[in-house]
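Everything below concerns the one structure shown next.
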Amino acid sequence: MNRNLSLIRLLCAVMIVICGTMLFKTSAKANYFDDFYKGVETFSGLPSEVNRLKESYRETLDDLDRAQADAKQYQEQNAELMAQNKELSETVQALQETNQARAAREHKLKVMLVTVIALAAGYLFLSALCGTSCAEPTGFSDKSRSPK
């Protein structure tokens, strides 16, 4: 009986160990499979992510090339605009000089016209003034000149 009792105890201990092992192995297996599945899923997603990153890199390079081309085009346009601005500045300067020369000629002509009008008016005034007072020169009358 003692032997049966020790055999029963041994069988119970083995059953507890087997049941405990099965319980722990099942959860360990489940976690292992979950981790393995997640790892495979992550690993299988890597090529698509790498491809997405490669495509993004290509798009970034294309954007950079376009930006560099635009910058070069803007520099060329800026150089052209600066040349046009220089030409326009020279043209404006020439027009201002021409306008100043014309204004100077107009002023000179106005001064000459006023001077001519003033001289003519002075001449007419003096001739009118001398015409009435200078009609009899130096006290001689027309009677004295006439033959007697």
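Overview of values
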read-out	value
Lone unmet requirement of (1) open to solvent by less than 100 Å² (accessible area, probe 1.4 Å); (2) at pLDDT 90 or above for K108	(1)
Only one of S56, S89, S48, S6 that is at pLDDT 70 or above, polar (S, T, N, Q) and loosely packed, with under 10 Cβ neighbours inside 10 Å	S48
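The values are calculated or read from the model by the stated rules, or taken from the named source; none is laboratory data. Just so we're clear, the structure is a prediction, and the values are computed from it rather than from any experiment. Reconstructed Cβ throughout: ideal geometry from the backbone, glycine too, with neighbour counts over all protein chains shown. Calculation scope for accessible area: heavy atoms of the full protein, side chains included, ligands and nucleic acids excluded. Shrake-Rupley method; radii C 1.70, N 1.55, O 1.52, S 1.80 Å.
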